[in-house]
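The block underneath contains the structure these notes are about, expressed in structure tokens.
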Amino acid sequence: MCFFRINSKMAFIMRLFKSSSRLLFLLTLMMLSFQATAEGISATRLQAALTTSGQMSVSSRFQTILPDQLKQVLNQGVPLNFTLSYQLSAPTVAAYRFKFGQLVSGDTTIHYKLSYHPLTNRYRVAVGTFSTEYNSLETALRAIGAVANWRVLSSGALDGVSAKEAKAEIRLVLSTSQLPKPFQINALTSKNWQLDSGWQSLSISQE
């Protein structure tokens, strides 16, 4: 009789443990799903190569998820501007020259303009005078921050520098200062409007 009670208790504990494990597993999946769909900007590709000409060639891609408020603003005809920036942090001498060069040159950034056109029900991404239209917002957002073989340094700037010695970062951010004034106030008071990937280190290889 005592043995039967012990077995019953053990069976109950095992069932409880399995139920708790399932619950923990489901909660983990829910948390991962929430993180995957969280609003903001996250990098999905961060690559660079040192070229034979002593330059650095950058390729990047980002996942951008807009909060509902920004989607509404966009669909009301207000364009959203994003800036992709690059910085060199090593080697030290080259990094110093790079920072000095930033004072007289603006070729360390790429500006993306995302807009919605209700007549065609399409989204447009413009970089300078070049633009492309997309059928969905999700597809258009994939183009924001996407760049391939972006030469960010002058020829010879990294001559004699190995991939292990070089360090560089890029950053994609929503330029809230280019929003109309009323929306700039919202951007200052709401963290949801402050979309910023932060400085992300590039994985650098030798070409």
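The values are calculated or read from the model by the stated rules, or taken from the named source; none is laboratory data. Predicted model, so just to flag it, every value in this text is computed and none were measured. FYI the Cβ positions are ideal-geometry reconstructions off the backbone, even for glycines, and counts take in every protein chain you see.
Being modelled with pLDDT of 95 or more and out of contact with any Pro (no Cβ under 6 Å at 6 or more places or on another chain) is a property that S85 has. Applying a threshold of 8 Å to beta carbon distances and a minimum spacing of six or more residues, or different chains, the list of pairs starting in the range 115-138 at a residue that is in contact (Cβ under 8 Å) with a residue 60 or more places away in the chain and ending at one that is part of a strand (DSSP E or B) and among the hydroxyl-bearing types (S, T, Y) reads L137/Y116; L137/Y123. Considering the range 39-99, the qualifying strands (runs of 3 or more DSSP E), each wholly inside and each with 1 or more residues that are of a type in the set (D, E, K, R) and surrounded by fewer than 21 Cβ atoms within 10 Å (Cβ to Cβ), run over 40-50, 56-65.
Per-residue answers, yes or no, for (1) more than 20 Å from Y116 (Cα to Cα); (2) surrounded by fewer than 17 Cβ atoms within 10 Å (Cβ to Cβ); (3) modelled with pLDDT of 95 or more:
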site	(1), (2), (3)
I144	no, no, yes
R151	yes, yes, no
D159	yes, yes, no
S205	yes, yes, yes
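In the condition set (1) among the aromatic types (F, W, Y); (2) within 15 Å of the chain's Cα centre (by Cα); (3) modelled with pLDDT of 85 or more, W193 is compliant with all but (3). Where strands (runs of 3 or more DSSP E) fall entirely within the range 124-189, those with at least 2 residues that are under 21 Å from Q200 (Cβ atoms) and under 20 Å from the mean Cα position of the chain (by Cα) are at 147-151, 167-174. Cβ-Cβ distances below 6 Å connect the following pairs, each with a first residue in the range 148-164 that is over 11 Å from Q55 (Cα atoms), a second residue that is among the aliphatic types (A, V, I, L, M), and a separation of six or more residues or different chains: A163/L50; A163/I204.
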